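Chemist: Have a look at the structure that comes next, please.
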Amino acid sequence: RGQALQPLFKMSYSCSKVGDPHPGYPYKGGNFCAFLPGNKEGVKIAKLLKQAFQCGLTFQIKSSNGEERVTWGPIPHKTSWDGGKARNGYPDPQYLQEVGTVL
């Protein structure tokens, strides 16, 4: 769909650290994919998302059914090209402004 950026995050199995639900316990990773438009605003947000990732703000570890698992953190990501805001997709004309404010 035009010039689209597609950040891909691959989180492997590891052990949680202080501040996580169960420090020292192993957690399950996963593949996470998000989409941004390939325009000036999208590139700006991609740089901010990279900084957030480097600061450990993009993901969090949650307990679910007795298992520690990596999940998206509090920063909203568009994980689909369609479906609108309700399905974390586009179209969502306010997304870049909203995520920019969060970042």
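The values are calculated or read from the model by the stated rules, or taken from the named source; none is laboratory data. Note that the structure is predicted; figures quoted are calculated from it, not measured. Note: ideal-geometry Cβ built from the backbone for every residue, glycine included; neighbour counts use all protein chains shown. Surface accessibility is based on the protein's heavy atoms, side chains included, excluding ligands, DNA and RNA. Shrake-Rupley method; radii C 1.70, N 1.55, O 1.52, S 1.80 Å.
Chemist: Is it the case that Pro7 is closer than 21 Å to Val102 by Cβ, out of contact with any Phe, Trp or Tyr (no Cβ under 6 Å at 6 or more places or on another chain), modelled with pLDDT under 85 and open to solvent by 30 Å² or more (accessible area, probe 1.4 Å)?
Modeler: Values: closer than 21 Å to Val102 by Cβ: yes; out of contact with any Phe, Trp or Tyr (no Cβ under 6 Å at 6 or more places or on another chain): yes; modelled with pLDDT under 85: yes; open to solvent by 30 Å² or more (accessible area, probe 1.4 Å): yes.
Against the criterion (closer than 21 Å to Val102 by Cβ, out of contact with any Phe, Trp or Tyr (no Cβ under 6 Å at 6 or more places or on another chain), modelled with pLDDT under 85 and open to solvent by 30 Å² or more (accessible area, probe 1.4 Å)), Pro7 qualifies.
Chemist: Does Lys47 fit the bill of being exposed (fewer than 15 other Cβ atoms within 10 Å of the Cβ) and under 19 Å from Gln97 (Cβ atoms)? First the steps, then the outcome.
Modeler: Working: exposed (fewer than 15 other Cβ atoms within 10 Å of the Cβ): yes; under 19 Å from Gln97 (Cβ atoms): yes.
Yes.
Chemist: Now for a different question. Identify all residues within the range 52-95 that are part of a helix (DSSP H, G or I), within 30 Å of Pro26 (Cβ to Cβ) and free of Cβ contacts under 8 Å to residues at least 12 places away in the same chain; write none if there are none. Break it down into steps so the answer makes sense when it comes.
Modeler: Filtering the range 52-95 down to residues part of a helix (DSSP H, G or I) leaves 52-54, 85-87, 95.
The next check asks that each one be within 30 Å of Pro26 (Cβ to Cβ); those that pass are 52-54.
If the condition is that a residue be part of a helix (DSSP H, G or I), within 30 Å of Pro26 (Cβ to Cβ) and free of Cβ contacts under 8 Å to residues at least 12 places away in the same chain, then Gln54 is the only one that fits.
Chemist: I've got another one for you. With the requirement that a residue be crowded, with 16+ Cβ neighbours inside 10 Å and under 12 Å from the mean Cα position of the chain (by Cα), what does the range 27-44 give you?
Modeler: Within the range 27-44, Phe32, Ala34, Phe35, Leu36 qualify.
Chemist: So Val99 ticks every box in (1) in a strand (DSSP E or B); (2) surrounded by 14 or more Cβ atoms within 10 Å (Cβ to Cβ) but one. Which box is left unticked?
Modeler: (1)
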